[in-house]
Amino acid sequence: MDSRPPRRGRWIIMGVKCRACVAIVFILLLLGSMWLHGNLEDHWNSCPKVSSVKNKGLSLIRVNSSDDDVAPLRVCPGNSFQVANLLAHLQAAPLSTNDVLLKPYLASWDELIKFLEALGPMVGLISQEIESKTAIIRDLTQNAEKEAEKKMKDRKRMPEQSDRVLMKSHNGSLNYSKMNHRLSFGYTSVRSMIKWELENGLVDFHKQTNSGCRTLLRLHRALLWLQNFLQELGKDASEGEHLRSPSDLCKETYQRTLAHHHTWWVRKGAELAFLAMPERPYFYQLVCVETQSEAAVVLNRVVRAIGEVYERNEVALQEHGMLDLP
């Protein structure tokens, strides 16, 4: 005797399951959309502030070792993400003046975005929000370049008049430094961007704006999360223990870092997305290795390079009181 429910009943059960699945997907997409379009920023102000000291304690310890004697990283055929490119951009970003060049810094984010996108569509939603942040800084850079070019062209067309105006300060004395600065371009490095935006009144310490400094802070927080995650992913298992799943490691490092700046709903949405993260063998393929020991060598090199960039930006933002920009 057939014990299954009548056909009509089976269709109802299947319909309920389908609607439940659709509801879950809708919730995740909604949270992803909030992250994507910056609506999450409206909720960040209601979250408790995390002191810069706590954040700094979470940054990874850099190992003072040189990569000069280390074999170059392999390029993985067919992979969009290339760990060799990521490391090259990260190592090109630091300047001798405790500064960070913006162009290679943003290029390293391009590779990290590819890394996140390779982890599946749900995790990829996070990468789209990060990409929107890098686009803001690039747009500001392009607009500043156009403005500087326009000023230079105007000055060439009216040399005598522009020189008389620009060379005189309010007290009538010569002020060549200010004149040259007004004609200079500020989005070359992190510190030059901070100086440029402060002097031009582009940073607001009380309300949300799309300034480069505020956008950099959001990228800075996300970089700390990825730095922690890659470090944990590169660790070998303790004696008698198994390697922990990337999903668990990603969730824990997120909770220690980036989650402090998100609302409860966003945190739960992100943690659901991490459940869909692939297992370790997939990460080995991403960085072109075959074992955990090989992965540890590669990931530790990346972690050290991220740490160098992160610490420089942390100092620059902290010096100007920008670690808690709204």
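The values are calculated or read from the model by the stated rules, or taken from the named source; none is laboratory data. Computed from a prediction, not measured in an experiment: that's the story for all the values here. Positions of Cβ are generated from backbone atoms using ideal geometry, with glycine treated the same way; all protein chains shown enter the neighbour counts. Keep in mind that these areas ignore ligands, DNA and RNA; they rest on the heavy atoms of the full protein, side chains included. Shrake-Rupley method; radii C 1.70, N 1.55, O 1.52, S 1.80 Å.
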Total residues in the stretch 71-94, condition assigned to a helix (DSSP H, G or I), in contact (Cβ under 8 Å) with a residue 60 or more places away in the chain and either over 17 Å from the mean Cα position of the chain (by Cα) or over 14 Å from ASP110 (Cβ atoms) (or both): 1
Selection from the stretch 108-132 of residues that are at pLDDT 90 or above and open to solvent by 20 Å² or more (accessible area, probe 1.4 Å): ASP110, LYS114, GLU117, ALA118, GLU131, SER132
Single condition ASP324 does not satisfy, out of (1) open to solvent by 60 Å² or more (accessible area, probe 1.4 Å); (2) under 28 Å from THR215 (Cβ atoms); (3) part of a helix (DSSP H, G or I); (4) at pLDDT below 95: (3)
Qualifying residue in the stretch 301-310 (condition: farther than 26 Å from PRO326 by Cβ, assigned to a helix (DSSP H, G or I), open to solvent by less than 20 Å² (accessible area, probe 1.4 Å) and among the small types (Gly, Ala, Ser)): yes
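Residue under question is GLN255, and the condition is that it be under 23 Å from the mean Cα position of the chain (by Cα) and farther than 13 Å from VAL123 by Cα; does it hold?
Working: under 23 Å from the mean Cα position of the chain (by Cα): yes; farther than 13 Å from VAL123 by Cα: yes.
In short, yes.
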Of the criteria (1) open to solvent by 20 Å² or more (accessible area, probe 1.4 Å); (2) part of a helix (DSSP H, G or I); (3) modelled with pLDDT of 90 or more; (4) of a type outside the set (Gly, Ala, Ser), which one GLU271 fails: (3)
Positions within the stretch 104-154 being touching a residue at least 24 places away in the same chain (Cβ under 8 Å) and among the polar types (S, T, N, Q), in sequence order: SER108, GLN128, SER132, THR134, THR141
Any hit, the stretch 245-255, residues being open to solvent by less than 30 Å² (accessible area, probe 1.4 Å) and either of a type in the set (Val, Ile, Thr) or without any contact (Cβ under 8 Å) to a residue 24 or more places away in the chain (or both): yes
Positions within the stretch 213-244 being open to solvent by less than 30 Å² (accessible area, probe 1.4 Å) and in a loop (DSSP other than H, G, I, E, B), in sequence order: GLY234
